[in-house]
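We did not get these values from a lab; they are worked out from the coordinates using the rules stated. Note that the coordinates shown come from a computational prediction; the quantities given were computed from them, not determined experimentally. In this analysis, Cβ positions are derived from the backbone assuming ideal geometry, glycine residues included, and neighbour counts consider all displayed protein chains.
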Amino acid sequence: MAKITFIGLGNMGAPMASNLLKAGHAVTVFDLSQPAVEALVAEGASTADSGRAAADGADCVVTMLPAGKHVEAVYLGEDGLLAALPAGTLVIDSSTIAPETARKVAEAATKKGLAFLDAPVSGGVGGAKAGTLTFICGGDNDTFERAKPVLEGMGKNIFHAGPHGAGQVAKICNNMLLAILMAGTSEALALGAKNGLDPAVLSEIMKQSSGGNWALNVYNPWPGVMDGVPASRNYEGGFLVNLMSKDLGLAFDNAVINQASIPMGSLARNLFQLHAGQGNGELDFSSILRLYKPE
Ligand code: NAD
């Protein structure tokens, strides 16, 4: 069992760190939010006064932070981890960030003799709690093989997408598709409801038909159709509209860099930004339904 430091105990990081504890690892945690730290300490984790102090003596560091600027601050900032970690430490960043930022951190880490992996996840808060996340990794083979036993404590499917940054590329492609699917699913459900159909019945029909998709199967956006999803608790918890907007921005920036055309992704980005601009940024992303079905 490894000594693991986990930084970033939000909607995703908290249950992920909890599963590492359950897997028998010695886990030290750090977050800027004291209540988030206390919840993990109550489950058996240790803590320290800073991310850097928490990482002291760790075999492996895992970060789960909101965006690239937080990842850069934690690793490359003045009190950043890279300056303090001894060579050979395994460093896994599971945040969703731009591939260029992941490569920048990876390059700095490699220069220090650290084994860095970008390992963004898919599966949502439900997957984080159940320990069934999909990890999409970018880095060299040795680092990937070394990280696997740690990642298996938090996830079920562990993919090696390619070199540094490749995990992030695959992740932003996936999330762009997810945003399109969630907006499209909301649109279809709202059209059916306008025609007097019961959204639960329509969902069941589409699930078994050619429109079936992940949103219908496990994350239905219509309140009351599915238990235990954000739609059934006023869109609280889950994956925030602000984070989905961030990911769609990453896809858009990446498309510009690579001269790729993403008309559906661009439309989804605009829809989520409109929704965020209407004061819904802190709601779960399935609340995009409200654009089609005002309360
Ligand atoms: P979140 O906002 O709930 O949590 C982020 C945590 O990081 C917060 O607790 C915050 O206090 C902490 N933090 C920020 N800066 C810090 C710093 N300098 N030091 C220590 N802690 C710091 O976000 P989340 O939903 O847990 O998502 C985290 C990442 O995972 C994001 O990149 C997101 O895009 C990605 N993601 C989220 C989901 C989801 O369903 N929520 C699914 C897949 C991927």
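Both radii are taken from the alpha-carbon atoms of segment 1-155; with Rh as the Kirkwood radius, Rg/Rh is 0.92. Estimated from helical segments only, the mean residue ellipticity of the chain at 222 nm is -14500 deg cm²/dmol, where each DSSP H run of four or more residues counts as -39500 (n - 2.57). Note on segment 98-166: Rg/Rh from C-alpha atoms, Kirkwood Rh, equals 1.00. For segment 48-103, applying the loop criterion from DSSP together with a ceiling of 15 other beta carbons within 10 Å to the GluC sites (Glu not before Pro) yields Glu78.
Relative contact order for the chain: 13 percent, from Cα pairs under 8 Å spaced at least 6 residues apart, divided by residue count. Each Cα pair under 8 Å and six or more residues apart adds its separation to the average, and for segment 96-144 the resulting relative contact order is 32 percent. Net charge in the neighbourhood of Gly51 (other residues with Cβ under 11 Å of its Cβ; Lys, Arg +1, Asp, Glu -1) is -3.
When the chain is modelled as a GNM with alpha-carbon springs shorter than 10 Å, which of Gly155, Gly138, Gly277 fluctuates the most? With Cα springs under 10 Å in the chain, the top fluctuation among Gly155, Gly138, Gly277 is at Gly277. Taking the chain as a Gaussian network of alpha-carbon nodes connected by springs under 10 Å, the highest mean-square fluctuation of the residues Gly13, Gly228, Gly184 belongs to Gly228. Take the alpha carbon gyration tensor of segment 169-292, find the square roots of its eigenvalues, order them as a ≥ b ≥ c, and report rounded if a/c is under 1.5; if not, report prolate when a/b exceeds b/c, else oblate. Since a/c reaches 1.5 and a/b is larger than b/c, the shape of segment 169-292 is classed as prolate.
Close amide H contacts of Thr47 (hydrogens built in the peptide plane, cut-off under 5 Å, sequence separation of 5 or more or a different chain): Val29. When its C-alpha radius of gyration is set against 2.2 N^0.38 Å (N residues), segment 200-266 gives a value of 1.41. Note: relative contact order over segment 3-163, using C-alpha pairs below 8 Å and six or more positions apart, is 20 percent. Shape index of segment 232-295: Rg/Rh, with Rg the Cα radius of gyration and Rh the Kirkwood radius from the inverse mean 1/r over Cα pairs, equals 1.03. Hydrodynamic analysis of the chain uses the Kirkwood radius over alpha carbon pairs. Inserted into Stokes-Einstein at 37 °C and 0.692 mPa s, it gives a translational diffusion coefficient of 167 µm²/s.
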